[in-house]
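To start, the structure under review is shown below, and the notes come after it.
The values are calculated or read from the model by the stated rules, or taken from the named source; none is laboratory data. This one's a predicted model, so the numbers in the text were calculated from it and none came from an experiment. Backbone-built Cβ (ideal geometry, glycine too); neighbour counts: all protein chains shown.
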Amino acid sequence: MKIVKINEEPVLKLEEKNKNYVFAFWHGKMLIPWYINRKKNFAALVSRSKDGDILANLLRKWKYDVSRGSSHSGGKEALDQILSKADSGRNISITPDGPTGPIYKMKAGAVITAKKSQIPLVLCGVFNSRKYVLKSWDKFEIPKAFSKSVLVFSDLIYIDKDLSYEKTTNKIDECENRLIALEKEAEKYC
């Protein structure tokens, strides 16, 4: 299959300078974003569910440093682990609508990680031209052979560490809307 990356330059510049970032993409589109960052300096936040067991095993094979937990189970501990990994220089991957949705509704994890660690957030919209769509809450997509996956990266998003609770909530909503727009933009390239 063909993977096309749009606006990847800001991320490449960070990587050239050994600077880390938070990378966020929707749960149902996670396969290609996880894949493109295999064997890089990434830590991942994965739920403690049975499905999370499968993903955690795959990500470990792809050389991710995996933390287990979610907003439903072990959230504070998982956030502390992820922040520690960000502080040690790892990039952080998060599916902000996981592990149980609702679909395309951003939870706080990615924004809070970027805010507390003071590293930039990069959102990634994904569109797969031909895919199998599972009957799951997230409409999980598996790209078909010989298909095209387009990933559109946001510009770097910096979150002020002193942002109030209300303004942080607004920033989460802004990022949600931006990620939805990136998905639509990715579709235009297919």
### Query
When residues of region 77-116 are filtered for being surrounded by 24 or more Cβ atoms within 10 Å (Cβ to Cβ), among the aliphatic types (A, V, I, L, M) and out of contact with any helix residue (DSSP H, G or I) (no Cβ under 6 Å at 6 or more places or on another chain), how many remain?
2
### All positions within region 1-56 that are in a strand (DSSP E or B) and of a type in the set (Lys, Arg)
Lys2, Lys5
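Results for (1) basic (Lys, Arg); (2) crowded, with 23+ Cβ neighbours inside 10 Å; (3) more than 19 Å from Leu83 (Cα to Cα), shown as yes or no for each residue.
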residue: Leu123; (1), (2), (3): no, yes, no
residue: Ser136; (1), (2), (3): no, no, yes
residue: Pro143; (1), (2), (3): no, no, yes
residue: Tyr165; (1), (2), (3): no, no, no
#### Entry: Meets criteria (touching a residue at least 40 places away in the same chain (Cβ under 8 Å), over 23 Å from Ile6 (Cβ atoms) and not in a helix (DSSP H, G or I)) for Asp160
yes
### Message
Six or more apart or on different chains, Cβ atoms under 6 Å: show the pairs whose first residue is in region 3-18 and within 21 Å of Pro143 (Cα to Cα) and whose second is of a type in the set (Gly, Ala, Ser).
### Response
Ile3/Ser149
### Query
For region 163-174, what are the residues that are in contact (Cβ under 8 Å) with a residue 12 or more places away in the chain and either touching a helix residue (DSSP H, G or I) at 6+ places or on another chain (Cβ under 6 Å) or more than 30 Å from Asp51 (Cβ to Cβ) (or both)?
Leu163, Lys171, Ile172
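Every residue, every condition in (1) closer than 23 Å to Glu9 by Cβ; (2) without any contact (Cβ under 8 Å) to a residue 40 or more places away in the chain; (3) out of contact with any strand residue (DSSP E or B) (no Cβ under 8 Å at 6 or more places or on another chain), yes or no:
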site: Ile32; (1), (2), (3): yes, no, no
site: Arg48; (1), (2), (3): no, yes, no
site: Ser67; (1), (2), (3): no, yes, no
site: Asp80; (1), (2), (3): no, yes, yes
site: Ile94; (1), (2), (3): yes, no, no
site: Ala110; (1), (2), (3): yes, no, no
site: Val122; (1), (2), (3): yes, no, no
site: Lys131; (1), (2), (3): no, yes, no
### Message
Please determine whether any residue of region 98-113 is farther than 23 Å from Glu185 by Cβ, in a loop (DSSP other than H, G, I, E, B) and modelled with pLDDT of 95 or more.
### Response
no
